[in-house]
Number of protein chains: 2
Amino acid sequence: MVKLSDTGEFGLIELLTKGLVYDPATVIRGVGDDTAVLRVDGGKWLLFTTDMLVEGVHFTSAYSSWRQVGAKALAVNISDIAAMGGCPAHALVSVGIPRHLAVEEVVELYEGLKEAAGTYRVNLVGGDTVVHPERLVINVALLGEVEAGKAVLRSGARPGDWIFVTGTLGASAAGLYLYQHPGTACPQAAAKACRRAHTVLVPRVDEGRVLAECGVTAMDDISDGLAAELHQICKASGTGCLVQADAVPVAPEVKEVASRAGKDPLEWALFGGEDFELVFTVSPGKFPEVNRAAVKAGFCIYKVGEITAAGAGLLLALPDGGTAPLPDGGYDHFFRL
Amino acid sequence: MVKLSDTGEFGLIELLTKGLVYDPATVIRGVGDDTAVLRVDGGKWLLFTTDMLVEGVHFTSAYSSWRQVGAKALAVNISDIAAMGGCPAHALVSVGIPRHLAVEEVVELYEGLKEAAGTYRVNLVGGDTVVHPERLVINVALLGEVEAGKAVLRSGARPGDWIFVTGTLGASAAGLYLYQHPGTACPQAAAKACRRAHTVLVPRVDEGRVLAECGVTAMDDISDGLAAELHQICKASGTGCLVQADAVPVAPEVKEVASRAGKDPLEWALFGGEDFELVFTVSPGKFPEVNRAAVKAGFCIYKVGEITAAGAGLLLALPDGGTAPLPDGGYDHFFRL
């Protein structure tokens with residue numbers, strides 16, 4: 001084990017930034033000056049987002065490897081860019097590092113960052129490394145691009161639009177449940193799939209690009225649960241919505257874990273966060289075009305409901321024909337049907 | 001006192017972002033979507049920087065008000081943009097907040113951020129608010145702009161260039177000393193000036209713009225002390241330097257505090273960080289132009305030495321005619337002449 005006091009700050013930075021490769025067309029100066037220097041394309045809009053992850057709050061090294069934490073810290077930001085229909089481009093990484101961490105662990109964290117950066121073609125152009133007394137804190141700031149006028153905001157949903165998601169939901173919440181209740185008797189394959197969904201995040205960049213190109217009206221990534229994201233979209237758009245409970249797609253392995261845990265899989269799908277699929281709205285007339293484009297790009301879309309007028313509120317249509325309010329709840333505020 | 005548990009995350013965000021004003025020409029979407037959306041000018045280069053401040057490491061509410069901490073968190077980043085010769089433009093703010101903090105304290109922190117943003121015309125376009133178990137952590141990511149080709153890198157210094165700083169040094173270190181040794185007998189006015197230099201940071205944006213326009217060859221903001229910044233410039237430029245100890249400008253109040261504290265004021269000026277003046281290099285032939293421009297803009301420049309060939313190393317010329325190596329030391333690694 002190499003200690004941080006052995007390398008010092010500059011030795012550590014040298015280790016962490018080793019092997020960084022930049023896109024020469026856009027990165028004039030990366031790590032190593034007061035700021036990064038980037039070339040911009042006047043025909044594009046910039047997308048600018050940030051997320052802070054705190055050890056013990058957003059992740060724990062008991063469930064995730066440092067490599068997974070690093071990858072996730074970048075991926076949650078990439079997911080935000082995807083939700084605007086953009087491409088991620090340049091990132092800065094700030095890390096507060098506790099002294100008890102080994103240099104090898106910090107290097108592993110950065111391996112995860114670099115791996116995700118490579119996969120999504122993000123240039124890691126700088127950052128800050130500081131001491132933190134107790135725990136690891138990692139903050140990523142990410143710049144992306146989208147063609148001028150093509151960013152998909154939350155505010156564009158209109159009554160009559162259909163609501164879709166790009167994949168099944170609830171696996172990340174099921175995975176978290178299994179980490180927190182390790183004694184749960186559950187088939188290996190289902191447990192593995194759910195645990196992986198919780199620790200490995202795949203942002204839907206290609207999906208977001210395709211959907212933006214088709215002119216979807218509003219879009220969001222599902223970081224806080226489908227219900228919470230719909231509340232954001234409806235608030236920004238000045239609309240209500242009606243979600244069909246039995247249309248919300250839940251993967252078989254989530255149902256399997258839920259049944260062993262005595263939980264309702266729909267709760268995980270609606271209120272468990274961190275699935276990172278996209279939820280979007282589109283006018284019914286555009287559905288055939290969106291569907292064709294999705295099939296061509298190799299992903300599925302699932303219709304889960306419709307946008308309604310503001311006065312109608314946010315509702316959930318139950319299988320028995322009744323309706324219930326759709327609560328604005330994340331994972332912590334479970335709602336019983 | 002309002003508790004965080006009373007407002008919740010979204011109530012807090014609403015409080016913190018109240019009254020934010022954006023530049024309509026460049027900010028298409030600020031706070032309130034997955035990402036900020038910004039218009040870019042194709043003729044500009046982007047400058048992109050970040051800094052993380054950890055309570056108890058970089059600041060303490062015992063010395064600084066929350067308003068000062070907020071302002072400083074933005075200003076340290078603005079200083080980095082200034083050191084490239086650019087203008088700050090758009091910022092994201094991530095804050096990890098301990099539960100014991102009152103909502104009023106977080107609001108005060110943001111008042112400081114907003115005040116600094118107003119002064120330097122920065123749009124606060126988004127961020128992240130999360131819970132932190134022990135202490136406040138604040139991360140700012142800042143975008144700036146500079147005319148294409150005009151960014152002043154660290155790597156441009158050439159042997160024969162003269163080295164200048166834009167103001168007197170050491171006051172921040174003297175202020176920190178006074179905070180840490182409150183019993184020091186010292187004239188009120190001097191103590192107040194030094195304490196203020198430690199808690200209130202004035203980034204040299206106008207100075208940086210003027211100097212970049214004049215074609216200075218390398219520039220850095222003095223965050224880690226003059227000696228440390230010269231090490232950065234010389235390393236990046238592949239040069240050495242010779243600093244004249246008696247030419248390093250030290251304010252009278254710093255000398256006063258140092259004499260009462262039994263310290264050498266030159267140590268504070270060379271190795272005490274956080275003065276946030278600019279250090280720059282320029283060819284001697286350009287000096288008259290730079291000097292005229294500085295006088296016109298209303299600031300002083302002080303010649304502290306010259307850039308030399310790499311083989312010569314980094315040296316300090318002492319008043320007695322001898323020379324000593326210039327250590328690469330920040331505030332923690334004091335060097336005795």
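The values are calculated or read from the model by the stated rules, or taken from the named source; none is laboratory data. For clarity, every value in this text was computed on a predicted model and none was experimentally measured. Methodologically, a virtual Cβ is constructed for each residue, glycine included, from the backbone with ideal geometry; neighbour enumeration extends over all protein chains shown.
A few points about this structure:
- Of residues in region B:162-214 being of a type in the set (S, T, Y) and closer than 30 Å to B:R121 by Cβ, the one modelled with the lowest pLDDT: B:T199
- Residues in region A:143-198 that are in a loop (DSSP other than H, G, I, E, B) and of a type in the set (D, E, K, R) were compared, and the one that is farthest from A:V248 (Cα to Cα) is A:K150.
- For the criterion of being within 14 Å of another protein chain (Cβ to nearest Cβ), of a type in the set (A, V, I, L, M, F, W, C) and in contact (Cβ under 8 Å) with a residue 60 or more places away in the chain, B:I233 passes.
- Qualifying residue in region A:221-233 (condition: closer than 30 Å to A:E147 by Cα, charged (D, E, K, R) and in a helix (DSSP H, G or I)): yes
- Within region B:19-38, residues that are at positive phi reach partners that are surrounded by 15 or more Cβ atoms within 10 Å (Cβ to Cβ) with beta carbons closer than 7 Å, at six or more positions or on different chains, in the pairs B:G32/A:A236.
- Total residues in region B:83-135, condition under 30 Å from B:V152 (Cβ atoms), in contact with a helix residue (DSSP H, G or I) (Cβ under 8 Å, 6 or more places away or on another chain) and in a loop (DSSP other than H, G, I, E, B): 6
- Going through (1) at the interface with chain A (Cβ under 7 Å from one of its Cβ atoms); (2) part of a loop (DSSP other than H, G, I, E, B) one by one, B:A62 falls short only on (1).
- Checked against (1) closer than 23 Å to A:A83 by Cα; (2) surrounded by fewer than 20 Cβ atoms within 10 Å (Cβ to Cβ); (3) of a type in the set (S, T, N, Q), A:S259 passes all but condition (1).
- Taking the criterion of being surrounded by fewer than 19 Cβ atoms within 10 Å (Cβ to Cβ) and either part of a strand (DSSP E or B) or at negative phi (or both), the residues of region A:234-248 that qualify are A:K235, A:A236, A:L242, A:Q244, A:D246, A:A247.
- Residue check, B:V146 β-branched (V, I, T), surrounded by 20 or more Cβ atoms within 10 Å (Cβ to Cβ) and touching a residue at least 12 places away in the same chain (Cβ under 8 Å): yes
- Residue list for region B:39-60, filter: in contact (Cβ under 8 Å) with a residue 24 or more places away in the chain and of a type outside the set (A, V, I, L, M, F, W, C): B:D41, B:G43, B:K44, B:T49, B:T50, B:D51, B:E55, B:G56
- Residue within region A:57-66 that is buried (at least 20 other Cβ atoms within 10 Å of the Cβ), at pLDDT 95 or above and under 17 Å from A:A141 (Cα atoms) present: no
- Among the conditions (1) under 19 Å from the mean Cα position of the chain (by Cα); (2) surrounded by fewer than 24 Cβ atoms within 10 Å (Cβ to Cβ); (3) within 10 Å of chain B (Cβ to nearest Cβ), A:V93 misses just one, which is (2).
- Filter result (surrounded by 24 or more Cβ atoms within 10 Å (Cβ to Cβ) and at pLDDT below 95) within region B:215-233: B:G225
- Filtering region B:154-204 to residues that are under 13 Å from the mean Cα position of the chain (by Cα) and among the basic types (K, R) leaves only B:R204.
- Put simply, of A:V140, A:V125 the only residue that is closer than 30 Å to A:K3 by Cβ and within 17 Å of the chain's Cα centre (by Cα) is A:V140.
- Tally, over region B:126-163, of residues that are facing chain A (nearest Cβ under 7 Å) and of a type in the set (A, V, I, L, M): 7
- Taken over region A:10-56, the criterion of being at the interface with another protein chain (Cβ under 7 Å from one of its Cβ atoms), crowded, with 17+ Cβ neighbours inside 10 Å, of a type outside the set (A, V, I, L, M, F, W, C) and under 18 Å from A:E105 (Cβ atoms) is satisfied by no residue.
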